[in-house]
Amino acid sequence: MTKSFSHKQPYPLGAHTEGGGVRFSFVSKAESCGILLYDRHTGSLLEKIPFVGEDRIGNVYCRAVENIDTKACAYLFYEGERLIPDERGRAFPKRIPYGKARTAADMKAGFLTDEFDWEGDCFPRIPYRRVIGYCLHVRGFTKHTSSNVEHRGTFAGIKEKIPYLKEIGITTLELQPAYEFAEIPLKGETAGNLPHVMDAAVAGRPAGKELNYWGYKKGYYYAPKAAYAASCDPAVEFKELVRALHGSGMELVMQFYFPKEVKRREILEILCFWVLEYHVDGFRLLGENLPMDMLARDDVLADTKLWHYGFDTDRIYERNEEPRYPHVAEYNDAWYYDMRRFLKGDGNMLGSVLYHMRHIPRKAGAIHYITNYYGFTLADMVSYDYKHNEENGEENRDGSDYNCSWNCGDEGATRRRAVRELRLRQMKNAMCLILLAQSSPLIFMGDEFGNSQRGNNNPYCQDNTVTWLDWRCIERNADLHAFWKMLVGFRQRNPILRPEKELSLMDSMACGYPDMSYHGQYAWRPETEGNYRHVGIMLCGKYAEHGEGCDGEFLYLAMNMHWDSHDLALPKLPKGMEWELAFSTEREGNRKEDREEEGDQLLRQVPPRSIAMYVAKRERNV
């Protein structure tokens with residue numbers, strides 16, 4: 001029999017080891033409530049401990065219980081005859097297979113141990129100018145048999161893929177919700193057990209479509225998702241993943257979705273817990289009523305990446321304060337939509353494109369992407385004009401109708417060679433926009449090798465080959481995969497592509513060239529009116545971070561998203577230097593001969609819907 005005594009310390013809520021016992025704190029307005037202790041292995045009830053009036057402070061009941069063996073014990077709270085899982089539980093010992101319905105009784109909470117050896121683990125703290133992000137779903141990333149990992153669809157499966165992620169240049173993983181959540185709504189129970197309310201997001205769906213594959217719902221925010229673990233200890237497996245990523249110089253950013261009923265103070269406590277307990281490197285915050293300024297100013301989170309729609313850095317930092325480690329970054333869809341429209345050839349986009357290609361917020365970072373977990377994948381963005389979400393069981397009414405996509409001439413799969421070649425070129429163009437823009441690039445899993453979701457732009461309930469990566473596409477789309485890796489290497493070798501601060505478009509070093517400049521048919525004279533879809537961007541490597549090498553002292557990015565060829569002028573270089581083509585998205589046989597003209601410029605003809613990069617090299621005869 002355990003011994004309990006009143007202990008009026010309500011925060012933190014939940015259950016926490018303290019001395020030789022456990023302190024329980026539970027929010028309730030019920031007259032009859034308390035704690036149920038169970039044998040962790042058999043599930044049999046050991047003891048019922050009611051809260052009494054002396055335990056209550058406001059709506060919080062708090063009591064310390066001695067002589068609890070936390071390794072052998074699990075617990076639930078109760079209100080009257082209802083069972084209530086602890087929303088703040090650190091572990092849930094019962095293994096529930098993914099996609100299987102669970103009840104409140106299945107959600108008995110356990111306790112973490114302090115036995116994990118971090119082996120001197122350190123936070124990488126990668127600056128935003130070096131970040132290449134990769135958004136993934138833990139299960140979908142390796143669940144397909146073609147992933148060739150031992151532990152498919154798990155944290156351990158991601159760990160097995162770290163060498164691959166390093167190979168393609170990824171520095172920072174962004175996980176879709178990986179905290180504990182009920183992917184199938186908890187079933188109501190008889191005998192007085194808690195009848196949990198079905199999630200609003202899945203209420204009314206056809207039978208079999210109630211799966212919440214993504215996990216954007218209120219969850220059990222203090223525990224890694226047990227169904228994403230190959231082992232019987234999700235906490236240890238998650239820590240092993242983080243330790244392995246850090247050992248490879250990589251970071252882990254977690255998505256957290258908080259509905260408006262989650263208190264702002266609780267959000268701060270949750271994030272600090274994951275940093276301290278699991279060594280997480282950052283968070284992308286989604287939801288309502290989020291205390292972003294408070295989170296950004298918190299001292300514990302000062303070195304933790306925080307991604308949200310935007311930050312007022314004038315409020316976060318003092319007027320003359322320069323953050324030691326800029327950790328906040330804007331993460332919104334403005335880049336996403338504008339670049340998609342430019343890619344498919346819409347007019348009136350050049351002004352926005354030039355802004356996005358250079359924009360870095362003051363005292364902050366910016367995460368840019370042309371695909372994400374929502375909307376079309378990169379391959380589908382160039383293969384479908386319309387969403388094809390029939391498999392979701394909602395008569396294709398779900399998902400966004402505004403995709404800014406273009407199917408290149410055929411809807412969906414095609415055998416037409418010209419269409420397939422155009423789609424490949426468009427995907428390469430998109431990769432250039434992503435990796436040659438100056439803020440922090442991010443892609444969705446599988447885009448680097450052309451993974452498709454068969455036109456489904458909202459696969460929230462698809463736990464199957466629609467959302468599981470088909471790794472065989474690496475061989476099928478080897479050209480695209482190789483192009484991605486080439487671009488990553490080019491970005492890494494040329495620091496002028498990833499400056500710490502936004503370039504000024506001025507010659508601040510008085511070296512004869514601005515850090516960034518724009519060009520059209522005539523050098524130094526860009527044409528950005530509505531009917532133009534081509535432009536040249538020159539970057540002067542002298543303004544790059546001191547001490548880093550580069551492919552060329554000058555870079556010139558020629559972009560033409562028009563359906564006709566256009567001439568772009570490359571400015572005259574210093575004596576002894578000449579322009580040389582580094583790469584192009586156009587096939588070798590389709591490139592036109594260059595044309596020189598008199599004066600201080602060199603004209604290059606840029607083929608339709610293509611991007612080319614030129615670098616300045618020393619003349620061979622000099």
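Being under 21 Å from VAL149 (Cα atoms), in a loop (DSSP other than H, G, I, E, B) and open to solvent by less than 20 Å² (accessible area, probe 1.4 Å) is the filter here; which residues of region 450-473 pass it?
The answer is GLY450, ASN451, VAL466, THR467, LEU469, TRP471.
Of the conditions (1) touching a Pro at 6+ places or on another chain (Cβ under 9 Å); (2) assigned to a loop (DSSP other than H, G, I, E, B), ILE434 clears all except one; give me its number.
In the conditions (1) touching a Pro at 6+ places or on another chain (Cβ under 9 Å); (2) assigned to a loop (DSSP other than H, G, I, E, B), ILE434 misses (2) alone.
Can you pull out the residues in region 31-50 that are under 15 Å from ILE84 (Cα atoms) and surrounded by 15 or more Cβ atoms within 10 Å (Cβ to Cβ)?
CYS33, GLY34, ILE35, LEU36, LEU37, TYR38, ILE49
Test GLU390 against the stated conditions and say whether it is at pLDDT 95 or above, under 21 Å from MET561 (Cα atoms) and open to solvent by 20 Å² or more (accessible area, probe 1.4 Å).
For GLU390, the condition - at pLDDT 95 or above, under 21 Å from MET561 (Cα atoms) and open to solvent by 20 Å² or more (accessible area, probe 1.4 Å) - is not met.
Can you spot a residue in region 224-236 that is open to solvent by less than 10 Å² (accessible area, probe 1.4 Å), of a type outside the set (Ser, Thr, Tyr), over 23 Å from ARG95 (Cβ atoms) and in contact (Cβ under 8 Å) with a residue 12 or more places away in the chain?
Within region 224-236 (the criterion being open to solvent by less than 10 Å² (accessible area, probe 1.4 Å), of a type outside the set (Ser, Thr, Tyr), over 23 Å from ARG95 (Cβ atoms) and in contact (Cβ under 8 Å) with a residue 12 or more places away in the chain), the answer is no, since none of the residues qualifies.
Yes or no: region 245-258 includes at least one residue that is at pLDDT 95 or above, surrounded by fewer than 20 Cβ atoms within 10 Å (Cβ to Cβ) and on the phi < 0 side of the Ramachandran plot.
yes
Out of the residues in region 587-608 meeting the condition of being part of a loop (DSSP other than H, G, I, E, B) and at pLDDT 95 or above, tell me which one is nearest to CYS408 (Cα to Cα).
So, considering only residues that are part of a loop (DSSP other than H, G, I, E, B) and at pLDDT 95 or above, the one nearest to CYS408 (Cα to Cα) is PRO608.
Residues checked against (1) closer than 16 Å to GLU553 by Cα; (2) of a type in the set (D, E, K, R); (3) surrounded by fewer than 19 Cβ atoms within 10 Å (Cβ to Cβ):
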{"site": "ALA478", "(1), (2), (3)": "no, no, yes"}
{"site": "ALA482", "(1), (2), (3)": "no, no, yes"}
{"site": "LYS485", "(1), (2), (3)": "no, yes, yes"}
{"site": "LEU497", "(1), (2), (3)": "yes, no, no"}
{"site": "SER504", "(1), (2), (3)": "no, no, yes"}
{"site": "MET509", "(1), (2), (3)": "yes, no, yes"}
{"site": "GLY512", "(1), (2), (3)": "yes, no, yes"}
{"site": "ASP515", "(1), (2), (3)": "yes, yes, no"}
{"site": "GLY520", "(1), (2), (3)": "no, no, no"}
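The values are calculated or read from the model by the stated rules, or taken from the named source; none is laboratory data. Not measured: the values here are computed from a predicted model. Please note: Cβ atoms are built from the backbone with ideal geometry, for glycine as well, and neighbour counts cover all protein chains shown. Please note that ligands, DNA and RNA were not included when accessible areas were found on the heavy atoms of the full protein model with its side chains. Shrake-Rupley method; radii C 1.70, N 1.55, O 1.52, S 1.80 Å.
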